[in-house]
1. When ranked by the protection proxy of mean other Cβ atoms within 10 Å per residue, highest first, what sequence do the peptides 314-325, 193-204, 162-173 form?
2. Want the number for Phe44 to Asp143: 0.36 nm per residue separation, take away the alpha-carbon distance, what's left?
3. So for the range 167-215, Kirkwood radius off the Cα pairs, Stokes-Einstein at 25 °C and 0.890 mPa s: how many µm² s⁻¹?
4. Tell me, what is the FRET efficiency for Val185 and Ala13 to the nearest 0.05, using R0 = 41 angstrom and their Cβ-Cβ distance as r?
5. Work out the count of Lys pairs in the range 76-210 where the Cα-Cα distance is under 29 Å, with the pair 8 or more places apart or on different chains.
6. Give me the Kirkwood hydrodynamic radius of the range 71-246, using the inverse of the mean 1/r over all pairs of distinct Cα atoms, in Å to one decimal.
7. Could you sort 109-118, 328-337, 127-136 so that the peptide with the highest average Cβ count within 10 Å comes first and the rest follow in order?
Amino acid sequence: MDSGLASTSIFTAFFVIITIPSLRYIYNQYTNSNSSSKPDPNRFLRALINLSLLFHTIWILKSLVLRSPVNIFKELGVEWTAPVDVLKAVVMQKASSEDGGGEVPDYLNLLVKRLGSFEMRNLYIRFGHDAIASCEHCSKFEDYALFALAPVLLSYVFEALLIGIITLKNSHRESLRTHALGVLVCAGVLETYYRLTESVVLPQRGSNETVYMWHNNLTFYRHILFLLLPLIITSPLPLLLPPRFSPFPFIPSPTPTNPNHMVPAPSLPDPSLSIQTTLNALNATMTRLHLLKYTHAALMRVPELRTQAGEWWEKEKREGDWIRGDEEVRRVARGVGLPYENKEEVNEMLDEEGVVRPQGDGQKVVVDGVEIPEEGGLRTSARQAVGTLKMAYVPSQYW
């Protein structure tokens, strides 16, 4: 049987085996969710994920079975070190046996001409058949690398798009998106690295050594990754396997109570525990407030504590006078719009400096571009804050 016919038969068998049960499963799942007493709000999302996964699986299987990379040396049955005349003769013989006319396509003529150089054979192993045969304008390593890597990186982008679809919100797989994208990024970096840097050694003429086709093998590994990664994320594809099947023995299978919801609902805390915790915190707060009230009153009854309290307040006043008397602090306070001097203090300071000011009670006092109010901006803000606290404070009947 011809290899092409065999590949087509294999793909057709896979297509029928996978597609028919999968579409039936998706249809039954959607109709059951829609006809139930409580329709599943995520039925559209589930159908979208399953259809995307089905089409993606069929496409990757098609790429693996029907669109495998070409190796002209293997198909023609010639050695990697065969002269270009031998390649050309075998190509013409094969073309004449297939169509009877002996006409060789232009891209094959270009390919055979380029393969006359061992450097081009090195690039053929590294970048594949299509890059050497199709890129007419390519002449250097960088040109072939750009031409060959562009579709490779684009395939990773499309795979990341599929990962984003199957890990959408409410798909119960959102937590796996970062790991899956990380796997794709690492795979893309490794494939690019090996394509560009790995050394290629051609065997000696007449040797039976095989040549490792980097392009063909890396393409095969990439397709296997693209095929398995979405199936692992969905754990597993619910098209052929039971819904409670788990491919990993160390990860327990989910045991849903609702067949339409594979992830169990999170348990809510007992409301009685929260109420009891709140009551305990309120009781402790009341005890601390009572202790604070009695401690504050006891300070004024004991002479030693009263003396220490007075000394502490004296120290605080002295340090406050030092800070408020600093000119740099005054300037910064005026800059933020909170001067703490009142109008009388500023007038005395200006009189000492010999500054002549307009006379009259209605005249404004401006220092450093800031108008000084009657009692100071900082005192006004503090007074308003305390007034707000007084309005919000309601004395309790318990203290």
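1. Those peptides, ordered most packed to least, come out 162-173, 193-204, 314-325.
2. Values: separation 99, 0.36 × 99 = 35.64 nm, distance 4.49 nm.
Difference between extended and current length: 31.2 nm.
3. The estimated diffusion coefficient comes to 173 µm²/s.
4. Working: r = 35 Å, r/R0 = 0.85.
So the FRET efficiency works out to roughly 0.75.
5. On the way: Lys88/Lys113; Lys88/Lys140; Lys94/Lys113; Lys113/Lys140.
Lysine pairs, 8 or more places apart or on different chains, close enough: 4.
6. Details: mean 1/r = 0.0530 Å⁻¹.
With all distinct Cα pairs of the range 71-246 included, I get 18.9 Å.
7. Numbers: 109-118: 15.6, 328-337: 13.5, 127-136: 18.8.
Answer by packing, highest mean first, reads 127-136, 109-118, 328-337.
A short reminder: the numbers here are calculations on the coordinates, not readings from a lab. For clarity, every value in this text was computed on a predicted model and none was experimentally measured. Glycine gets a Cβ as well: all are built from the backbone with ideal geometry, and neighbour counts include every protein chain shown.
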